[in-house]
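What follows is a set of notes on a single structure, which appears directly below.
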Amino acid sequence: MKKTVLAILAGLMIPLFAAMGAATADDVKSLRGGKAIPDAESPPTVAKLILDQESFDRNFKSQPPLIPHKVEKYKVNLKANRCLKCHDKSNYKEEEAPMTGKSHYIGADGKEMDKISMKRYFCNQCHVPQADAKPLVKNTFKSAK
Ligand code: HEC
Ligand code: HEC
């Protein structure tokens, strides 16, 4: 019984490996370039963040706004959320920061809550700063009007 299963599996693997072999190294270009695997690539330069404006234009409706300030020192974990210290609806006015989107306080029952919805707790999942970097791959993206 076991042997037949193995034989069938082996039968399935052979055409799979054959298909993988069909693409030669010349067809596939990795973002790393043509370097051999043991060669070390020099690290890319760290792109500078764009920090000279109050906000970024949104590229499509319902895009999470991009962050116009540094974020690396603002921790978000189970114990603390530094972003909320400035952006929560309870304190954004004193901090002179824009309030976290109203949608962030809507609970599973569709009602507004005092505390941030856990679905929106990990801010950096959706909000990121912007760097003036060259795109890694060419693309034809155009903003929505
Ligand atoms: C010390 C206060 C402070 C902290 C901490 C902070 N922010 Fe901000 N944030 C601001 C202020 C003030 C602005 C308004 C633009 C400016 O002055 O830089 C802003 C702007 C933004 C915007 C742009 C809003 C828009 O409508 O364009 C986003 C998004 C944002 N912050 C997200 C975050 C996230 C995510 C974190 C945590 C990683 C965070 N902020 C931490 C103060 C803060
Ligand atoms: C699941 C994705 C997601 C997460 C997580 C999230 N946001 Fe947002 N955020 C959005 C989207 C989408 C918008 C724009 C539409 C809206 O207001 O809902 C937005 C809007 C905002 C705005 C601008 C509000 C305005 O009226 O212009 C701020 C500030 C903000 N978020 C901060 C935060 C902070 C701080 C956190 C973490 C506590 C967070 N967000 C977590 C998706 C997210």
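The values are calculated or read from the model by the stated rules, or taken from the named source; none is laboratory data. All of these numbers come straight from a predicted model, not from anything done at the bench. Every residue, glycine among them, receives a Cβ derived from its backbone with ideal geometry; neighbour counts consider all protein chains shown.
Each row is one residue, and each column tells you yes or no for (1) among the polar types (S, T, N, Q); (2) more than 11 Å from ligand 1 (Cβ to nearest atom).
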| residue | (1), (2) |
| --- | --- |
| 52 | no, no |
| 60 | no, yes |
| 69 | no, no |
| 78 | no, yes |
| 97 | no, no |
| 112 | no, yes |
| 117 | yes, yes |
| 120 | no, no |
Any residue in the stretch 50-71 that's in a loop (DSSP other than H, G, I, E, B): show its pairings with residues that are near ligand 1 (Cβ under 8 Å from one of its atoms) and among the hydroxyl-bearing types (Ser, Thr, Tyr) at Cβ separation under 7 Å, as long as the two are six or more apart or on different chains.
65/55; 68/55
Which condition from (1) modelled with pLDDT of 95 or more; (2) touching a strand residue (DSSP E or B) at 6+ places or on another chain (Cβ under 7 Å) is the one that residue 113 breaks?
(2)
Across the stretch 54-65, which residue is surrounded by the fewest Cβ atoms within 10 Å (Cβ to Cβ) among those that are closer than 14 Å to residue 97 by Cα and not charged (D, E, K, R)?
55
Any residue in the stretch 115-134 that is of a type outside the set (Val, Ile, Thr) sitting within a Cβ distance under 7 Å of a residue that is in a loop (DSSP other than H, G, I, E, B) and within 6 Å of ligand 2 (Cβ to nearest atom)? List the pairs, counting only those 6 or more apart or interchain.
126/64; 127/64; 127/65
Residue 107 passes all but one of the listed conditions (1) surrounded by fewer than 14 Cβ atoms within 10 Å (Cβ to Cβ); (2) within 20 Å of residue 63 (Cα to Cα); the exception is number (2)
For the stretch 28-49, which residues satisfy the criterion of being assigned to a loop (DSSP other than H, G, I, E, B), in contact with a Lys or Arg (Cβ under 9 Å, 6 or more places away or on another chain) and modelled with pLDDT of 80 or more?
47
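Okay, residues lined up against (1) within 18 Å of residue 54 (Cα to Cα); (2) in a loop (DSSP other than H, G, I, E, B); (3) more than 8 Å from ligand 2 (Cβ to nearest atom):
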position	(1), (2), (3)
79	no, yes, yes
85	no, no, yes
89	no, yes, yes
93	yes, no, yes
98	yes, yes, no
103	no, no, no
Between a first residue in the stretch 80-96 that is surrounded by 12 or more Cβ atoms within 10 Å (Cβ to Cβ) and a second residue that is outside any helix (DSSP H, G or I) and of a type in the set (Val, Ile, Thr), which pairs have beta carbons less than 7 Å apart while being 6 or more apart in sequence or on different chains?
82/76; 83/76; 84/116; 87/100; 88/100; 88/116; 89/100
Do you know which of the residues in the stretch 105-145 that are in a loop (DSSP other than H, G, I, E, B) and among the small types (Gly, Ala, Ser) is nearest to ligand 2 (Cβ to nearest atom)?
117
